[in-house]
1. Suppose the filter is more than 23 Å from Glu351 (Cβ to Cβ) and either of a type in the set (Lys, Arg) or outside the structural domain of Tyr213 (by TED's automatic domain parsing) (or both); does Asp307 pass it?
2. Only one residue in Tyr366, Tyr362 is closer than 24 Å to Pro299 by Cβ and either at pLDDT below 95 or surrounded by fewer than 17 Cβ atoms within 10 Å (Cβ to Cβ) (or both), so which one is that?
3. Give the residues of segment 184-217 that are in a loop (DSSP other than H, G, I, E, B) and surrounded by 19 or more Cβ atoms within 10 Å (Cβ to Cβ), sorted by residue number.
4. Confirm whether Val116 is surrounded by 13 or more Cβ atoms within 10 Å (Cβ to Cβ) and modelled with pLDDT under 85.
5. Scan Ala333, Ala328, Ala305, Ala337 and give me the residue that is surrounded by fewer than 17 Cβ atoms within 10 Å (Cβ to Cβ), touching a residue at least 24 places away in the same chain (Cβ under 8 Å) and outside any loop (DSSP other than H, G, I, E, B).
6. For segment 196-215, give me the residue count where each residue is without any contact (Cβ under 8 Å) to a residue 12 or more places away in the chain and closer than 20 Å to Ser235 by Cα.
7. Being surrounded by 15 or more Cβ atoms within 10 Å (Cβ to Cβ), in a loop (DSSP other than H, G, I, E, B) and touching a Gly at 6+ places or on another chain (Cβ under 8 Å) is the filter here, so list the residues in segment 262-289 that pass it.
8. In the list Asp321, Asp283, Asp297, which residue meets the criterion of being of a type outside the set (Lys, Arg) and closer than 29 Å to Gly151 by Cα?
Amino acid sequence: MSIPPAPGPHQPQGSQEPQGPYPQGPFPQSGQYPQFPPYGHPAAPGPYPYHPYGPYGAPEPPVNGVSIAALVLGLLCFLPGVGLVLGLIGLRQIKRKGERGKGMAVAGSVLSTVWVGLWALSLSTGFVSDAWDGFKDAAKGDGTAYSLAEGDCFDSPSGSLEGATYDVEEVPCSGRHDGEVFAVVDLPGDSYPGDAKVTDIAEDKCYTLQYTYAMDGWAVPEDVDVYYLMPSRQSWSFGDREITCLFGNVEEKGSLAAGSLRSDETTLDADQLALLKALNAVDDVLYEEPEDYPEDDLPGNRDWAGDVETVLGEQIEALRDHTWQAGAKKPVAALVADMEDAREDWAKAAEAGDADTFYEHYDNGYGYVDGRTTITARKALGLADTVPFYDEDDDSGVGSADSGQLQV
């Protein structure tokens, strides 16, 4: 079926004869138009099919995609500088290609210009930092990653502690959970230091702070490792300066067993604290063992052995000065006696003239560590008394897998 042309000035010029259902002319009087049969009559021309190209069959020009992007960025206040540039590019393309979307390009440019001005003002007045603080305050208790504090347990939406996240579900530590927060670290500076630098800071701080939260390292299961939530470049621009240190399962989709891993001043008695502080102080120095073997760096290893001898002397005095409960006096005294013997060997290792002599006293000095008297003293004080497994490739003292990270 053909479509009749519209009347008036859009009629084709010339002597072209009418087509389709028009009655055949000529028409005797100027301005007289043919009469169509009533609608529904077999000879009636309608109804007409729908054409998406406008009233006369000519296709409409497409909408400029750059202009759409400029409007979206302007409305969302996301990368306002980019929105302004895209708006100007869109206007130029519309003029050159005859496309539609000029209004969107103009609106996007104007909105982006406004946002650029507001950002410049906010940076000079500190508004961004205040807004971020307000955002975090509003987020607290709403199940966001920004609301997590020391001692909180939570589940990740994906069940993983790697990748990026914003929403978390805070859950009681008494049940199984994906993570447990043990520290929150504030980062200094105005400019984002980069993912690598933030990761280095997180590893250094979190691996150290774990022992202030879980002082009894023996009580931390072998399938637990250190993870951290750290700022992304985008969240940094809003004032995010926090690294959240947490415990999680070494398996990507694993979870922590029911119960908190916390063992510090809030959960331990005075005797337990005294023993753990002494043992952990010695462990801290033992972890600083030089990477080079004595045959490659004897002076460096001798200096380290001297540090071990010094800290042993300090902690022996601390244990002797503490007043112990009746059931712990003898076990702690036996442990102190072993520490005294070990101290003598570390002193000799610090003066060794060759690597073989160093190794001899090194082995003797390490003999008491995690030995029988240590286990007995722990058991007497109600602390974990099962010697943990230490991965030779992991110097963290907790877990046996590489740490993970979440970005917010």
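The values are calculated or read from the model by the stated rules, or taken from the named source; none is laboratory data. Since we're looking at a predicted model, the values are computed, not measured. Neighbour counts are summed over all protein chains in view; Cβ atoms, including those assigned to glycine, are modelled from backbone coordinates with ideal geometry.
1. No; evaluated as a whole, the condition is false for this residue.
2. Of the residues listed, the single one that is closer than 24 Å to Pro299 by Cβ and either at pLDDT below 95 or surrounded by fewer than 17 Cβ atoms within 10 Å (Cβ to Cβ) (or both) is Tyr366.
3. Met215, Asp216
4. The answer is yes for Val116.
5. Among Ala333, Ala328, Ala305, Ala337, only Ala337 is surrounded by fewer than 17 Cβ atoms within 10 Å (Cβ to Cβ), touching a residue at least 24 places away in the same chain (Cβ under 8 Å) and outside any loop (DSSP other than H, G, I, E, B).
6. So the answer is 3.
7. Arg262
8. On inspection, the qualifying residue turns out to be Asp283.
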